[in-house]
Structure formats: C-alpha cells, structure tokens
Amino acid sequence: MTEVSRTKFGLPKAGDAAPFGYSRPPSHEGLIAEKDVRVEMRDGVALSVDIYRPDTDEKLPVLLAFAIYNKDVQGPDAAADLPPQPAWSSLWAGLLEAGDTRFFVSRGYVHVIGCPRGIGKSEGGGDRWWDSYDLIEWIAEQPWCDGNIGMVGISGFGAEQMHVAKQQPPHLKAIFPFDPRGAYGPFGGFRDEYCGGMIHLFRYLIGHFSAFHQNRGQPKELPPEREALWKQAMDNPDYRMYPQLLNLLTQKGEHMPAFFDLLINPYDSAETVEKAESEFEKIQVPTYTGSGWYGYTYKTHLNGCQTWYRKIDAPKRLMFTGPAHLERPFKSFHNEILRWHDHWLKGLDTGLDDGAPVNYWIMGANKWGEAADWPPPNAEWTSLYLNGWERLRVEPFVETSADDNIPPDTFVQMPPTQTNNIQRLRYVSEPLGDDLLIAGPSVLTLYASIDQEDTNWIVILKDLGPDVSVQTVREGERDIPEDLHAREVSRGWLKASHRAIDASRSLPGRPWHPLTREAQEPVPPGEVCEYQIEILATANLFRKGHRICVEITSLDLPTGVAGATNAEYVPYHICSSRTTVHTVHHDTQHPSHLLLPIVPGGED
C-alpha cells in the first residue's frame with residue numbers, strides 16, 4: 001500500500017514502521033557469501049565474520065553488524081528458515097538482530113556480520129575492547145569496500161555501535177543504534193537497566209533462553225573482596241527465596257557470570273558515572289537512535305537511547321516506536337535505515353533534513369508525533385494529587401484546612417513464598433473533558449512509611465475507559481465501574497533504600513538516584529519518607545471520557561514456572577522476603593502527586 005492511500009483512507013502506519021516515505025528499489029542482483037572469514041586483531045586473536053556482498057566488482061559502502069550474539073543465527077540463511085516473527089509468536093527470539101541481509105545487499109551495500117572474541121567461532125583470550133575498531137579498519141582495506149562504513153543492528157548490536165563510536169575509527173561514517181542499551185558503563189552499565197536500584201531477572205532470563213555463549217566449571221575460591229561479597233549475597237533472604245538465584249550463587253560465577261556479578265554487587269558506582277559522562281563528547285559520528293514503548297519493561301533500551309540522544313553532540317535523530325517488540329529476525333523500518341545510510345555513506349538526497357529530529361508513536365491515537373527535542377519542549381509539567389477515596393485530583397492541598405488531616409492509605413504485601421496475590425493502591429482521575437496527550441517521562445512524588453527497613457516501590461500508569469458513568473449516591477452509581485477497559489501505559493521503580501537524590505543531575509521528569517552502596521540508606525520503620533519515582537517515558541493520548549490511573553504496589557511475579565516467564569522480555573524483580581505494611585500519605589504536609597508532561601493541543 002502506498003503512502004498516499006494510507007493517508008487517504010486514514011490507515012495508520014504501524015508503530016514499528018518509520019513515519020517517512022523514503023524508498024529505493026533494488027539496484028544489484030546476486031549475492032556472494034563468504035562464511036567464517038578469519039580477521040586478526042592487533043594482538044593476534046582472530047575473529048570470525050560472515051561477509052555478504054553484491055555480485056559486482058565495484059567498491060561499495062559497508063554496513064557492519066557486530067555483537068555478542070552468535071553470527072551463525074543471523075544472516076539470510078537463518079531468515080530463510082524462520083520468516084519474521086511478531087512479538088506474540090512463540091518462536092520470537094530476541095537475539096536475531098543483525099538486520100535483513102538481502103535488503104541491504106540488493107540496494108548496494110556489503111553486509112558484514114561478526115562477533116567479538118570468545119563468542120561463537122571467534123577465538124578467545126585477551127581483551128575485546130578494540131575488536132570492533134580493528135574490524136572496521138580491516139574492512140576499509142578490503143577490495144570490495146569504498147572506505148565508507150556504517151553500522152546496523154539493534155539491542156546488543158546497538159550497544160556495540162555506541163562503544164566503538166567513542167573510539168572514533170577513521171572509516172566509521174554513521175551508526176543506527178536502535179535499542180542501544182544503557183549509557184552509563186561499558187556496553188550498558190547499571191543505571192539505565194536497573195531503575196531505582198531494583199534488580200530484575202532480564203539478564204538471567206536471556207541466559208536461561210540460551211542467548212549467551214558461556215562456559216561452566218567447578219565453583220572456585222574467589223579473591224578475598226569478592227568472596228566477602230559472595231557470602232553477603234548467600235545470606236540475603238530476598239535472594240534465597242528464589243531457588244534459581246540460590247543455585248546460581250552457589251556456583252560462584254561459573255554459571256551466568258555477569259548476572260552473578262550483579263547479585264553480589266547490585267550497585268552503580270560514582271566512578272562509572274563520571275567516566276561515562278566524560279566520554280559522551282567522544283561520539284562525533286552521526287547517530288540515529290531510539291527504542292519502542294515496549295522497552296519500559298526491561299528499561300535499558302528506552303532509558304539508554306534517551307541518555308545517548310541528550311548527551312551526544314553530533315548530527316542525530318531519535319525515534320520511539322510502538323508498544324510491541326519488533327519482529328525477529330529484525331527487518332522493521334529498514335527503509336529508514338536506508339535513508340540514513342544513503343545520506344551519510346552514499347551522499348544521496350534522502351530528505352533527511354526535512355521535519356523534526358524526534359518522532360514518536362502516540363499510543364491511544366495510533367499515529368506519529370514529532371518534536372524538536374525530547375521531552376517535547378512545549379510539554380507543560382502538570383501535577384495531579386493523590387487524595388482520599390482513590391482519587392487523583394488537579395486541586396492542590398490547601399494549607400490550614402481540612403486537607404491537613406486526610407488519613408493515609410495502607411496495603412500489606414506478603415512475599416511470594418506465601419501468596420500469588422499482588423496487593424496495591426490505586427488513584428484515579430475524573431473522566432477527562434478533552435483529549436490529553438502526555439509525551440516524556442513522569443514522576444510520582446510519594447510520601448510513605450513502611451514497617452521494615454526496605455521495600456520495592458512499583459508504580460503503574462494506566463489509561464482507563466472510556467467511562468460514561470456518573471458517580472452519585474444512588475445505588476449502582478456510587479463506584480467507578482469495575483469493568484472499565486484498563487491499558488497499562490508505563491511503569492516506574494524505586495528500591496526504598498535508594499531514595500537519595502542528586503539534585504545536580506536530576507532533570508524534569510527524571511530524578512537522579514545515585515544507586516551506589518554508599519548512598520543506600522535503610523528506611524527507619526514507621527517514619528514518613530519522600531520518594532521520587534520516575535515513570536519511564538511514554539507518549540499516550542488519554543481520550544475524552546477516559547481516566548488517568550496510577551497504581552502503587554511492591555511486588556511482581558514470574559508468569560511461568562521454575563523462575564521462568566512466558567514472555568522472554570518481560571522480567572520480574574527480586575522482591576522482599578518479609579511481609580511489609582505500606583502506608584501512603586496524602587495531605588497538606590505530605591502532598592503526594594503525579595507529575596505529567598502534558599503536550600498542549602493533544603494530537604492536533
């Protein structure tokens with residue numbers, strides 16, 4: 001279907017297809033495949049790469065896909081056996097991310113797919129830090145390369161693009177790191193992935209689903225400092241409650257070593273943050289990044305792309321796609337990848353400078369929006385106050401009034417050793433009189449007390465409705481209807497002991513919690529504390545007659561058995577092993593409120 005007919009009949013472009021009309025027909029026939037090519041690094045270790053190029057003698061630009069995922073499950077052969085699977089397919093697998101080889105090659109690019117040392121058929125040993133740099137410069141010397149190299153691929157392949165861009169290889173001319181992982185640490189870091197210091201099992205789950213190449217050996221004595229951390233982790237009742245985590249810990253890093261490291265040291269570090277902040281300016285190559293609203297479930301991609309976009313001082317674009325995962329093998333918005341690389345690698349007029357640099361899919365409207373920056377500069381930060389009787393109200397609390405004495409609300413959560421029931425409080429607005437668009441991150445400022453030294457705060461933003469009812473005192477009209485459609489929009493997380501704020505690094509909608517071991521502080525039981533809980537960025541149109549809903553809980557659960565899940569990329573969090581009483585205050589002295597980035601004009 002053409003762009004014209006889509007517009008004519010009001011059919012929306014899909015949330016995983018870019019909102020641009022760029023297209024170019026194939027220019028080359030035939031495909032030459034060179035498998036398991038040996039490429040020697042500066043220290044003599046050899047990588048193994050696959051090279052796919054058009055059947056021609058002309059020199060062409062190259063698109064490199066490079067990541068920790070096995071190259072043998074990427075490329076055109078794998079795609080021929082497994083056609084693109086939507087996120088709801090039981091065969092969807094996240095690691096098939098290198099891109100559509102036949103699409104790139106037929107349009108005049110060489111597609112190179114490889115993985116660093118120690119992965120797949122690449123040799124092991126030494127330090128992988130310079131692998132992608134050395135590979136890029138090796139590619140530039142090949143007789144089929146014209147010296148212009150770009151990078152493609154998402155997720156792990158996106159993280160590698162950011163890593164090598166800091167190193168500034170001379171022949172790297174543009175990158176397209178969609179879903180690039182976090183920005184505060186090598187290949188991701190702690191902060192963007194474990195929001196509020198709450199540990200989830202995403203990395204465990206992708207190891208469980210055989211996404212990683214890893215070795216196992218007998219548990220060994222660790223260096224003294226790590227041995228001490230291991231013993232602390234072994235004594236943590238919140239860990240011991242989960243048999244799969246206890247099993248992993250007992251193996252002392254021989255199984256899923258990266259996740260083991262996280263469990264024994266679940267903190268950010270000031271040194272890591274400072275190093276990352278000092279290196280953002282090193283990225284000078286044109287960068288097109290983004291994520292989808294699905295990314296809020298495991299956070300690293302959605303948080304990472306926003307940080308990279310904000311910090312990079314180079315030609316850049318940002319795109320947020322829809323709420324469902326992209327197809328695997330990855331083939332989404334390849335026309336936009338083509339538009340980007342045709343401009344920077346082939347010098348074609350692709351209309352790249354037309355329109356705004358930020359494009360985002362608006363849920364609820366099912367259409368695209370655009371902005372000059374992110375969050376949209378015209379967003380108006382608006383507070384809705386938690387109040388009694390599950391209400392979310394525009395009116396602030398009035399000093400020296402009856403608002404001084406509004407009683408708090410309470411829920412009690414037992415651990416998953418005792419229940420599958422998740423307790424929660426919810427606060428709901430009146431039905432909206434007009435459409436209301438939010439775009440950007442939100443924050444729940446919460447005044448609350450607990451009867452333990454720690455808990456998890458989980459905040460869920462929902463779109464309820466439409467609601468055509470009227471609440472009166474009459475029988476049958478007193479309550480909000482229980483059968484209202486509820487659509488989850490986004491979530492926020494904060495471990496209560498990580499409530500400290502670094503005001504110098506905080507931004508509107510994005511409170512900065514240090515998340516370090518040094519900044520962590522147990523909660524005095526019974527004391528009312530202030531928590532600023534970021535709700536991950538989204539764009540949603542709450543339609544007229546709908547209600548804005550925020551729910552507060554402390555527990556989520558695996559959806560499968562034996563610590564697994566029936567959706568690979570919807571992880572759950574390590575929660576408290578203790579029954580905990582949570583009391584939420586909302587009165588003059590404790591003005592708990594939801595701060596939303598409202599864009600004037602709705603979808604207009």
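How about the stretch 136-158: which of its residues are closer than 12 Å to residue 67 by Cα, modelled with pLDDT of 95 or more and outside any strand (DSSP E or B)?
First pass over the stretch 136-158, keeping only residues closer than 12 Å to residue 67 by Cα: 151-158.
Cutting the leftovers down to modelled with pLDDT of 95 or more gives us 151-154, 157-158.
Correct list: 152, 153, 154, 157, 158.
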The stretch 388-444 - residue that is outside any loop (DSSP other than H, G, I, E, B) and of a type in the set (Gly, Ala, Ser) and, of those, farthest from residue 526 (Cα to Cα): 439
Sole residue being closer than 30 Å to residue 488 by Cβ, touching a His at 6+ places or on another chain (Cβ under 6 Å), buried (at least 18 other Cβ atoms within 10 Å of the Cβ) and of a type outside the set (Lys, Arg), chosen from 298, 294, 360: 294
Test for residue 363: is it in the same structural domain as residue 109 (by TED's automatic domain parsing) and farther than 30 Å from residue 60 by Cβ: yes
Close pairs (9 angstrom Cβ cut-off, 6 or more residues apart or separate chains): among the polar types (S, T, N, Q) in the stretch 272-298, in a helix (DSSP H, G or I) and surrounded by fewer than 24 Cβ atoms within 10 Å (Cβ to Cβ) anywhere: 272/186; 287/309; 289/309; 297/202
Condition broken by residue 50, with the remaining ones in (1) of a type in the set (Asp, Glu); (2) closer than 23 Å to residue 126 by Cα; (3) under 30 Å from the mean Cα position of the chain (by Cα); (4) surrounded by fewer than 18 Cβ atoms within 10 Å (Cβ to Cβ) satisfied: (4)
Residue in the stretch 361-386 that is farthest from residue 508 (Cα to Cα), counting only those that are in contact with a Ser or Thr (Cβ under 9 Å, 6 or more places away or on another chain) and of a type outside the set (A, V, I, L, M, F, W, C): 385
Any chance residue 210 is of a type in the set (Ser, Thr, Tyr), outside any helix (DSSP H, G or I) and either loosely packed, with under 14 Cβ neighbours inside 10 Å or modelled with pLDDT under 95 (or both): yes
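I'd like the full set of residues that are assigned to a helix (DSSP H, G or I), without any contact (Cβ under 8 Å) to a residue 24 or more places away in the chain and either crowded, with 16+ Cβ neighbours inside 10 Å or touching a Leu at 6+ places or on another chain (Cβ under 7 Å) (or both), limited to the stretch 217-245. Outline the logic, then answer.
Step one: of the stretch 217-245, the residues assigned to a helix (DSSP H, G or I) are 224-234, 237-240, 243-245.
Restricting the remaining residues to those that are without any contact (Cβ under 8 Å) to a residue 24 or more places away in the chain gives 224-225, 227-228, 231, 234.
234, the sole residue that qualifies.
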Any hit, the stretch 531-547, residues being closer than 30 Å to residue 239 by Cβ, over 21 Å from the mean Cα position of the chain (by Cα) and either surrounded by fewer than 17 Cβ atoms within 10 Å (Cβ to Cβ) or charged (D, E, K, R) (or both): no
Long-range neighbours under 7 Å by Cβ, at least six apart or interchain, first residue more than 15 Å from residue 426 (Cβ to Cβ) within the stretch 465-486, second of a type in the set (S, T, N, Q) and at pLDDT below 95: 477/469; 477/471; 478/471
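The rows are residues; the columns are (1) closer than 30 Å to residue 317 by Cα; (2) modelled with pLDDT under 95; (3) surrounded by 14 or more Cβ atoms within 10 Å (Cβ to Cβ); (4) among the aromatic types (Phe, Trp, Tyr).
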{"site": "379", "(1), (2), (3), (4)": "yes, no, yes, no"}
{"site": "382", "(1), (2), (3), (4)": "yes, no, yes, no"}
{"site": "385", "(1), (2), (3), (4)": "no, no, yes, yes"}
{"site": "397", "(1), (2), (3), (4)": "no, no, yes, yes"}
{"site": "414", "(1), (2), (3), (4)": "no, no, yes, no"}
{"site": "428", "(1), (2), (3), (4)": "no, no, yes, no"}
{"site": "441", "(1), (2), (3), (4)": "yes, no, yes, no"}
{"site": "444", "(1), (2), (3), (4)": "yes, no, yes, no"}
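The values are calculated or read from the model by the stated rules, or taken from the named source; none is laboratory data. Quick caveat, the model's predicted, so the values are computed rather than measured. Reconstructed Cβ throughout: ideal geometry from the backbone, glycine too, with neighbour counts over all protein chains shown.
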